[in-house]
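Readers should treat all values here as calculations from the given coordinates under stated rules, not as data from a laboratory. All values derive from a computational prediction rather than experimental measurement. Backbone-built Cβ (ideal geometry, glycine too); neighbour counts: all protein chains shown.
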Amino acid sequence: MLDFITWTVNPSIVHLGPFEIRWYGLFFAIGFLAGYKIIEKMFKHEKVPDGWLDKLFIYVVVATIVGARLGHCLFYARDYYMAHPTEIFKIWEGGLASHGGAIGIIIAIWIYSRHVTHRNMLWTFDRLVIPVALVGALIRTGNLMNHEIYGHVTNLPWGFRFIDNLHAWMQGAEPVFTAPSHPTQIYEALCYLALFGLLMYMYWKRNAEERQGLIFGVFLTGIFLPRFLIEFVKNNQEAFEENMLLNMGQLLSIPFIIAGIWLIVRAIKRPRTAISFATPGKK
């Protein structure tokens, strides 16, 4: 009978001269490209004006990277980055926070809605968040490949032994394994993948976008409620969280959960609004 899983995947796929391609970066890129194609299909279905999609893609990519990086620096390691501000720009060394990325996207969509669509922000969010759930699943799979963000020690048969001295092992040292631990990256990835399927069903089969804010509300609840619960079996990311009743990830998830529930209730109480298709070619 299986007692645990020994995880020995190398985070690096291949070296091309001075450049290195990693699983994390590959999954990140696949997520954005898949997201672009999904939104493209939605926009064609709704006859959205030309140019909206490319502008949305730029807004979201920049906001995700900047927001996630600043979120990590401010929420999890503020003192260090205040003392070493130039280190903030070294994104390639790691350190991205999903809550920061979410805040960055919200700000970007507010700007995008004012200057591009001239529609309520919820119109964009109800479409954008569908592929974002898929991106979240792929990013957590990247975390699995990086042997990071795993959980507490467990005796469950699907516990993973991760490589603790990852950098040294990648340089040729013998691996030092952790005790079998909860693969919380997989827990989150599966939740987000299921959420992606649900949101696709809501949009394409149930016309849920006709209840403005409903898809966005389900997304917020479906992302951050599992995140809140999984944090109970996940190792804290920073030392200052050790004496906290709820860790930083859980505290930051609560407002998003509340907002999600409010949006769901609000959308259900309001009547459906048929999609107003844009005139083809109108800018």
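Brief remarks on what is shown
- Region 31-120: relative contact order in percent, alpha carbon pairs under 8 Å with at least 6 residues between: 34 percent
- 3J(HN,Hα) couplings calculated from phi for region 11-26 with the Karplus curve 6.51 cos²θ - 1.76 cosθ + 1.60 (θ = phi - 60°) are, in sequence order, x, 8, 8, 7, 9, 10, x, x, 9, 10, 9, 10, 4, 4, x, 5 Hz; Gly and Pro show x.
- Acute angle (nearest 10 degrees) that the helix 52-75 long axis makes with the longest principal axis of the chain, alpha-carbon atoms: 40 degrees
- Nonlocal amide H pairs with I5, under 5 Å, H built at 1.01 Å: G159, F160, R161
- Exposure proxy shown here: for T154, T273, the number of other Cβ atoms within 10 Å sets the order, fewest to most, as T273, T154.
- Rg ratio for the chain: its Cα radius of gyration over 2.2 N^0.38 Å, N being its residue count, equals 1.07.
- Rounded if a/c under 1.5, otherwise prolate or oblate - region 1-115, Cα gyration tensor axes: oblate
- About the Cα centre, charge dipole magnitude for region 5-269 (Lys/Arg +1, Asp/Glu -1 at Cβ), debye: 1100 debye
- Highest-MSF residue in the chain out of R227, R69, R266 [GNM, Cα springs under 10 Å]: R266
- Too-long pairs where the Cα-Cα distance tops 29 Å, listed order kept, from K234/K269; K90/K234; K44/K90; K37/K234; K55/K205; K47/K205: K234/K269; K44/K90; K37/K234
- In region 220-274, Cα pairs under 8 Å separated by at least six residues give a relative contact order of 48 percent.
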